[in-house]
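The values are calculated or read from the model by the stated rules, or taken from the named source; none is laboratory data. Computed from a predicted model, the values in this text were never measured in an experiment. Here Cβ is always computed from backbone atoms with ideal geometry, including for glycine, and neighbour counts include all displayed protein chains. For the accessible areas, the whole protein counts, side chains as well, though only heavy atoms, and no ligand, DNA or RNA atoms are used. Shrake-Rupley method; radii C 1.70, N 1.55, O 1.52, S 1.80 Å.
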Amino acid sequence: MRAPCNAGVTVMRVAIVEDDPSQAELLSHWLRRGGHHGHHFDRGGAVIRALNQDSFDALILDWNLQDISGVEVLRRIRGSGQSSLPVLFASARGREEDVVSALRQGADDYMIKPVRYLEFIARLEAIARRGKHRTEQPEVLKLDVYHIDSLSRTLMRDGRRVDLTAKDFDLSVLFLRNVGQLLSRSHICERVWGRSAQVPSRTLDTHVCRVRRKLGFMPENGWRLAAKYGYGYRLQQLGAAPSVSSAA
């Protein structure tokens, strides 16, 4: 029986950091049953590198890894600015001092193996809801010459409304909210088209080219929307750091 996602929780993209293949497969299976998507990493260093290029809605973290400890992974993640990423420890280490140590380092919750399916999904969705409340995007965003109103779904450039399709608007907002971040093709497609959509590469490239032209993401305007071959796209503001303001 598949457990439905609780109200207020959307389908999540979850990083699983676990060096035991059977345990990783079990957690991935449970996530699929719960309506979510798991992405497995068997090394702490691998997920740290991935977080520099991609984003996840939550992180499931084991303590005993082959390269560095789960607590060290957590310490580095929190120290790198990923302060709002919900983190759930799932570890066989059940001493009180271990649990306290992980929570003090910034874990949102801690489960002692063997974990149970329904409780695991419920705890994961609970920390994701709390994380969403901490990181909800402002309804209005002003960035350089761009003004985004998410409620009315309008985007202004130099005071003039840009005529965008629904997907082009979502794609533009995704880039402008993640200036300087390299976004993978899979991440872009999941955020704009949905988790289960199968989007051909040519379709994504066509939308990106149209957004680049309509919003003037070109070096002569102080912007660059560039592709990294085989991976994804990054929007950069050239020269001075971007001036950002927002209103809830």
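Could you grab me the full set of residues in region 34-50 that are open to solvent by 40 Å² or more (accessible area, probe 1.4 Å) and closer than 22 Å to ARG130 by Cα?
Step one: list which residues in region 34-50 are open to solvent by 40 Å² or more (accessible area, probe 1.4 Å), which gives 37, 39-40, 42-43, 49.
Listed by number, the residues that qualify are HIS37, HIS39.
Here's the yes/no breakdown for (1) within 23 Å of SER80 (Cα to Cα); (2) among the charged types (D, E, K, R); (3) free of Cβ contacts under 8 Å to residues at least 12 places away in the same chain:
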| site | (1), (2), (3) |
| --- | --- |
| SER172 | no, no, no |
| LEU176 | yes, no, no |
| GLU190 | no, yes, no |
| PRO200 | no, no, yes |
| VAL208 | no, no, no |
| MET218 | no, no, yes |
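Can you name the residue in region 53-74 that is touching a residue at least 60 places away in the same chain (Cβ under 8 Å) and assigned to a loop (DSSP other than H, G, I, E, B) and is also nearest to GLU125 (Cα to Cα) among such residues? Outline the logic, then answer.
As a first pass, look at region 53-74 and keep what is touching a residue at least 60 places away in the same chain (Cβ under 8 Å): 53-55, 57-58, 60.
Within this subset, residues satisfying the condition of being assigned to a loop (DSSP other than H, G, I, E, B) are 53-55, 57.
Numbers: GLN53: 24, ASP54: 20, SER55: 17, ASP57: 10 Å.
Only one residue fits best here, namely ASP57.
In region 51-90, what residues are over 18 Å from LEU27 (Cβ atoms), of a type in the set (D, E, K, R) and open to solvent by 30 Å² or more (accessible area, probe 1.4 Å)? Please lay out each step first, then the result.
Residues of region 51-90 over 18 Å from LEU27 (Cβ atoms): 51-55, 67-69, 71-72, 75-84.
This time we only want the ones that are of a type in the set (D, E, K, R), so: 54, 67, 72, 75-76, 78.
Listed by number, the residues that qualify are ASP67, GLU72, ARG75, ARG76, ARG78.
With over 14 Å from LEU88 (Cβ atoms) and in a helix (DSSP H, G or I) as the only criterion, which of ASP170, ASP163 stands out? If you could, list the steps in order and put the result at the bottom.
Values: ASP163 fails: in a helix (DSSP H, G or I).
When all the criteria are applied, what remains is ASP170.
With respect to VAL173, determine if the residue is modelled with pLDDT of 90 or more and open to solvent by less than 60 Å² (accessible area, probe 1.4 Å).
Numbers: modelled with pLDDT of 90 or more: yes; open to solvent by less than 60 Å² (accessible area, probe 1.4 Å): yes.
For VAL173, the condition - modelled with pLDDT of 90 or more and open to solvent by less than 60 Å² (accessible area, probe 1.4 Å) - is met.
Looking at region 75-85, which of its residues are within 19 Å of GLN53 (Cβ to Cβ), modelled with pLDDT of 85 or more and either part of a loop (DSSP other than H, G, I, E, B) or in contact with a helix residue (DSSP H, G or I) (Cβ under 6 Å, 6 or more places away or on another chain) (or both)? Walk me through it before giving the result.
Kept after step one, since they are within 19 Å of GLN53 (Cβ to Cβ), are these residues of region 75-85: 76-85.
From what's left, modelled with pLDDT of 85 or more: 76-77, 85.
Within region 75-85, ARG76, LEU85 qualify.
In region 123-138, how many are modelled with pLDDT of 55 or more, of a type outside the set (Gly, Ala, Ser) and within 14 Å of THR10 (Cα to Cα)?
The number of residues fulfilling the criteria is 6.
Collect the residues in region 36-94 that are within 15 Å of the chain's Cα centre (by Cα), more than 15 Å from ALA107 (Cα to Cα) and among the basic types (Lys, Arg), keeping them in residue-number order.
ARG49
Go through (1) at pLDDT below 95; (2) open to solvent by 50 Å² or more (accessible area, probe 1.4 Å); (3) not in a strand (DSSP E or B) for VAL199 and report which single condition fails.
All conditions are met except number (2).
Answer yes or no: is there a residue in region 138-157 that is basic (Lys, Arg), in contact with a helix residue (DSSP H, G or I) (Cβ under 7 Å, 6 or more places away or on another chain) and open to solvent by 30 Å² or more (accessible area, probe 1.4 Å).
Keep residues of region 138-157 that are basic (Lys, Arg), which gives 142, 153, 157.
Still in the list and also in contact with a helix residue (DSSP H, G or I) (Cβ under 7 Å, 6 or more places away or on another chain): 153, 157.
Pick out the ones that are also open to solvent by 30 Å² or more (accessible area, probe 1.4 Å) and you get 153, 157.
Checked region 138-157: at least one residue is basic (Lys, Arg), in contact with a helix residue (DSSP H, G or I) (Cβ under 7 Å, 6 or more places away or on another chain) and open to solvent by 30 Å² or more (accessible area, probe 1.4 Å).
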